[in-house]
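This report concerns only the one structure given below.
What follows draws every value from the coordinates through simple rules; no lab data is involved. All figures in this text were calculated on a predicted structure; none of them were measured in a lab. Positions of Cβ are backbone-derived with ideal geometry, glycine not excepted, and every protein chain shown enters the neighbour counts.
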Amino acid sequence: MRLLQTILAISREVFAFLPISGGRSLGRTLHLLCAYWGFVLLSLHLGIHWRSMMAMAGRLCKPSPTCRRVLQVAGALAALYGLYAFFHRSIPTYLFLQSQFVFFDFEEPLIFFFLDYLAAMGLFVWIGHQLAKAMLALQKRSAQQ
């Protein structure tokens with residue numbers, strides 16, 4: 001703790017030319033921004049690798065073509081609900097710092113909060129998966145030419 005105080009005192013002297021005051025406000029803002037962008041990018045990354053995760057799961061049980069289609073439709077429906085939850089929870093306002101505070105309704109059951117964020121994560125997993133499929137199709141097409 002003492003070291004952190006020393007570092008902050010030195011940095012105020014070294015970076016005095018920057019309009020930085022009261023590091024807590026800046027730190028809170030950066031934390032909010034990085035947490036939400038991390039959430040989105042982690043979800044996209046998971047979606048990019050979704051095919052290999054499903055291949056591992058497929059070793060345990062082989063889904064039929066009908067089951068596969070049902071899972072695809074369920075994934076698309078989950079992504080649609082995730083789109084609703086993404087805007088309902090005002091996630092874009094936090095991603096682009098239109099609001100610097102996350103508002104939480106303490107009257108709402110916690111399970112709904114977690115389900116909405118899980119659905120928003122599902123949206124970006126679905127987007128990442130679709131992007132990975134599109135990139136794979138482009139690679140196959142360019143290899144054939």
3J(HN,Hα) from dihedral phi, segment 95-104, Karplus parametrisation 6.51/-1.76/1.60, rounded to Hz, x for glycine, proline | 5, 10, 6, 6, 9, 9, 10, 8, 9, 10
Theoretical FRET efficiency, 1/(1+(r/R0)^6), r = Cβ-Cβ of Leu95 and Gln145, R0 35 Å, to 0.05 = 0.35
Residue by residue through segment 47-57, the couplings from Karplus 6.51 cos²θ - 1.76 cosθ + 1.60 with θ = phi - 60°, in Hz, x for Gly and Pro, are x, 5, 9, 5, 4, 5, 5, 5, 5, 5, 5
Which net charge results for the neighbourhood of Leu44, defined as the other residues with beta-carbon distances under 15 angstrom from its beta-carbon, given Lys and Arg at +1 and Asp and Glu at -1?
-> +2
About the Cα centre, charge dipole magnitude for segment 22-144 (Lys/Arg +1, Asp/Glu -1 at Cβ), debye = 820
Roughly what would the spin-label model give for Leu138 and Ala55, points 7 Å off Cα along C-beta, in nm?
-> 2.1
What spacing in nm lies between the two simple spin-label points modelled at Leu26 and Phe104, each 7 Å away from Cα in the Cβ direction?
-> 2.7
Give the residue from Val102, Met54, Tyr84 lying farthest towards the positive end of the charge dipole for segment 35-145; charges sit on Cβ (+1 for Lys and Arg, -1 for Asp and Glu) and the dipole is referred to the Cα centre.
-> Met54
So what are the ³J(HN,Hα) numbers for segment 108-123, from phi and the Karplus equation (6.51, -1.76, 1.60; θ = phi - 60°), rounded to whole Hz, Gly and Pro as x?
-> 7, x, 4, 4, 5, 4, 5, 5, 5, 5, 5, 5, 5, 5, x, 4
